[in-house]
Protein chains: 2
Amino acid sequence: MTGSETRWLDPDQQNDWRAYLVGSTLLMDTLDREMRTEHGISMAEYEILVRLSERPDKTLRMAQIAESMQHSRSRVTHTVSRMEKAGLIRREAAEGDKRGVDAVMTAAGWELLQAAAHTHVAGVRAHFVDLADKDDFAALGRVMNAVSDQLLEENPKFEDIREH
Amino acid sequence: MTGSETRWLDPDQQNDWRAYLVGSTLLMDTLDREMRTEHGISMAEYEILVRLSERPDKTLRMAQIAESMQHSRSRVTHTVSRMEKAGLIRREAAEGDKRGVDAVMTAAGWELLQAAAHTHVAGVRAHFVDLADKDDFAALGRVMNAVSDQLLEENPKFEDIREH
DNA sequence: GTTCAAGAGTTGAAAGTTCAACTAACCAGG
DNA sequence: CCTGGTTAGTTGAACTTTCAACTCTTGAAC
């Protein structure tokens, strides 16, 4: 990385980038705050519950959680430990692979998720989705998909982030 | 907050929202990582330097930093302390108000910012701006501006986040 | 000119995240 | 089968962020 001359952003790009930065921070902080005050869990914990809920057996290997959330395994270990202590998740030995650990959503976790999902969607609507028209959102979706694709490609442990 | 029936997102909205979530995380993590490995500062620290650099006297009151970054005062105190220890910022008593503290960018801070700005812009281009066309970006800018406006309005200490 | 609520900033502990080191289990190749 | 290279997950320390309590100053009301 760090090529020769700096190609600065033009004023429009600068504005859009700043708008993105400020808007993102505000949005995420708000959703996180609402989730915490209304249900006592963070957005990260909420998202773990969502991922578990999408599985027929409400179960996911630790590594799968880590990967799908782009979190370190260590972080997942700590977070799941807290959620386990709170009774939202239970740990089980994964069968087949004795190294593995399954995180299983408990009934209490499911209950909490029902309520939390409502809050979350209401927040996403109120602070994001219902704020602009469909086309602008589609555009935003395209951009963010492009971002993900690009970053996931050159992912493999973040080597080769040099001048292509 | 938390009205009666949940109005779920339709599939398109769901997709766009997820794309936003994943893309944002990836993008911010990447920019932060690049900033840390190449210049030893976090994005938050970088942004403080940027804000200071925009002032003719390279100076900002602690509270102004906090407000413009949407950080708590406590957080700014800690961050500025670290940056002061690193020699990037110097603290001075603000004149006029004996309670006040000015954060002043040092020569070392300025030096670092020059290099860091290059990295940052290159990253923003490579992972974001150069990835989609102008119209899509304009749309994204509009959406994120709407988000900011809405959230800043009902800001005053986050009361009245009830049914409008 | 007191009094006292509000504002600016700091402090230290608690909570959460990252980082490096570690254990245990798996899985090739010889 | 055994030897090393991965992979899964945990641990604990270092670091960052949050939270509540605290000090000092300001400014308005009386």
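The values are calculated or read from the model by the stated rules, or taken from the named source; none is laboratory data. Just so we're clear, the structure is a prediction, and the values are computed from it rather than from any experiment. Quick reminder, even Gly has a Cβ in these numbers, built from the backbone with ideal geometry, and neighbours come from all protein chains shown. For accessibility, only protein heavy atoms count, side chains too; no ligands or nucleic acids. Shrake-Rupley method; radii C 1.70, N 1.55, O 1.52, S 1.80 Å.
With the label put 7 angstrom out from Cα along the Cα-to-Cβ vector, B:Ser72 ends up 2.3 nm from the copy partners, going from closest to farthest.
Expressed as a whole percent, the accessible surface of the stretch B:12-158 that belongs to carbon and sulfur atoms is 49, based on a 1.4 Å probe.
Charging the Cβ of each Asp and Glu at -1 and of each Lys and Arg at +1, and nothing else, the dipole of the protein assembly as shown about its Cα centre rounds to 1480 debye. With the cut-off at under 14 Å, measuring from each backbone N in the stretch A:51-71 to a point 7 Å along the Cα-to-Cβ line of B:Leu9 picks out A:51. The long axis of helix B:134-153 is offset from the longest Cα principal axis of chain B by roughly 80 degrees. Across peptide B:33-42, the mean count of Cβ atoms from other chains lying within 10 Å of each residue's own Cβ comes to 1.
With the charge dipole of the protein assembly as shown set up from +1 on Lys and Arg Cβ and -1 on Asp and Glu Cβ about the Cα centre, the Cα lying farthest toward the positive end among the listed residues A:His127, A:Leu151, A:Ala115 is that of A:Ala115.
The distance from the alpha carbon centre of the stretch A:3-39 to that of the stretch B:42-115 is 20 Å, rounded to a whole number. The listed residues A:Trp17, B:Trp110, B:Trp8 rank as B:Trp8, B:Trp110, A:Trp17 when sorted by accessible area, largest first, using a 1.4 Å probe.
When the accessible area of each residue in the stretch A:120-138 is compared between its chain alone and the complete protein assembly (1.4 Å probe; ligands, DNA and RNA ignored), which residues differ by at least 40 Å², being lower in the assembly? By number: A:Val121, A:Arg125, A:His127, A:Phe128, A:Val129, A:Leu131, A:Lys134, A:Asp136. Taking K and R as +1 and D and E as -1, what net charge do the other residues with C-beta under 13 Å from the C-beta of A:Glu54 add up to? Computed value for this residue: +2.
Surface burial for A against B, with a 1.4 Å probe and both sides summed, reaches about 6400 Å² of accessible area.
Site-free segments of chain B were taken between trypsin sites (Lys or Arg not before Pro) in DSSP loops having at most 10 other Cβ atoms within 10 Å, sites themselves excluded; the longest one is B:1-97. The charge dipole of chain B, taken about its Cα centre with unit charges on the Cβ of Lys, Arg, Asp and Glu (plus for the first two, minus for the last two), comes to roughly 860 debye.
Heavy-atom accessible surface of the protein assembly as shown, averaged per residue, reaches 54 Å², computed with a 1.4 Å probe.
A DSSP coil position with no more than 11 other Cβ atoms inside 10 Å describes the following GluC sites (Glu not before Pro) in the stretch B:1-102: B:Glu5, B:Glu54, B:Glu95. In degrees, nearest 10, range 0 to 90: what is the angle between the Cα axis of helix A:43-53 and the longest Cα principal axis of chain A? It is inclined by approximately 60 degrees. Between 0 and 90 degrees, the angle of helix B:107-127 with respect to the longest Cα principal axis of chain B falls at about 20 degrees.
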